[in-house]
Structures are given as C-alpha cells and as structure tokens.
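The values are calculated or read from the model by the stated rules, or taken from the named source; none is laboratory data. The shown structure was predicted, so the numbers you read here are calculated from the model rather than taken from an experiment. Cβ sites come from the backbone with ideal geometry, for glycine too, and all protein chains shown count toward neighbours.
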C-alpha cells in the first residue's frame, strides 16, 4: 500500500492546528501539560485519518482482458440508462459510485484498453447528494477504447459521479499503462 503525496498539506495543516489548539488551550486551562496533550492528541488523530484517507492500496488486475471491474471502492448508488451525445453519441449505462469518508479515494480504469481522450473540465462544487452535481461539478473525462467499444469514464474530484464529497481536493490525472490502472 502507498500513501498519495497529496496528503502532505493536510498533515502540515493538522500539525499547525494542533499547535494552535495547544496555545489556545494553555490560556484556557493555564496548564501547559494539559494543553500540549490535547493539542497533540488532536493533531495525531487528524494526521492518522488523513493518512488513512489518502491511502492507495495495491490492486491486481484480473487476467481476463475483457473483464469489467469497479472503477472505485464505495457503494453503487445508481445504474442508469441514458443517451450520451457529447462524446460517445449513443445510448449507454451510467454507474454512479458513492465514496464515503472511509473508502479508498483512488479512481482506477474499470477496463483494460487504450486511453484515447483525457479532458479536465472545471466546474462547480455542489454537494454529492444533489443530482445536478454529476453534470456540473469539476471533473475529468477519459475515453478508453475497449474491445472495439469506446468507454467514457468520469472522475468527479469534489463530488458527482465519482462522489468523494467536499473534502477531496482536485487531483491531476496520471495515466500510464492501461493495465496498471485497471483495478
């Protein structure tokens, strides 16, 4: 398992918050020992959570190149048939996955194939429980050519189809070998 480098600002912020809390509590309790213990405890809890949140466990892709797997950990909240006219120009199926604060927040390609399009689309930051978030929130779109069929994947960094909530930060897509990002 790896820890994503995006965690560093959160670790620094947690340590700064712990120090500021300790300074504030020292004035309240007039005890340096209690203030340092409480400030340290809060900083350690926050750091541990952020390390957990930004974990990136190793995954082995299935040997079957035609396999379809979940693109993210989490709960499937909707499977919807719809018409996609911007890129695929055909009827398709949308699978929406909700990521809680305790799920792995890493998107992986759901299929083996060749990435033929990658686009970043700035947008709004609606909460994930609003249906419009899937269409208007900041996201990436990736088209993967798979067994002769194009597959469009959406990665919503703050909320939306890949729904990590409002605390996840915008990340840049890193595409490598399709099999490395498959699962």
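Criterion applied to 96, 159 was being more than 11 Å from the chain's Cα centre (by Cα) and either at pLDDT below 70 or over 20 Å from residue 50 (Cα atoms) (or both), and the one residue passing it is 96.
Taking the criterion of being surrounded by 15 or more Cβ atoms within 10 Å (Cβ to Cβ), in the same structural domain as residue 143 (by TED's automatic domain parsing) and in contact (Cβ under 8 Å) with a residue 12 or more places away in the chain, would at least one residue in the stretch 76-92 satisfy it? Yes, that holds for at least one residue. Screening residue 64 with (1) in contact (Cβ under 8 Å) with a residue 24 or more places away in the chain; (2) not in a strand (DSSP E or B) gives one miss only, at (1).
Among the residues making up the stretch 106-137, those that are surrounded by 18 or more Cβ atoms within 10 Å (Cβ to Cβ) and in contact with a strand residue (DSSP E or B) (Cβ under 8 Å, 6 or more places away or on another chain) are 106, 107, 109, 110, 111, 112, 113, 126, 128, 133, 134, 137. Do we find that residue 118 is outside any helix (DSSP H, G or I) and more than 18 Å from residue 140 (Cα to Cα) in this structure? Spelling it out, it is not the case that residue 118 is outside any helix (DSSP H, G or I) and more than 18 Å from residue 140 (Cα to Cα).
Which one of 7, 16, 23 is under 30 Å from residue 106 (Cα atoms), surrounded by fewer than 15 Cβ atoms within 10 Å (Cβ to Cβ) and outside the structural domain of residue 101 (by TED's automatic domain parsing)? None of the others qualify; the one that does is 16. Of all the criteria given as (1) part of a helix (DSSP H, G or I); (2) surrounded by fewer than 17 Cβ atoms within 10 Å (Cβ to Cβ), the one not satisfied by residue 46 is (2).
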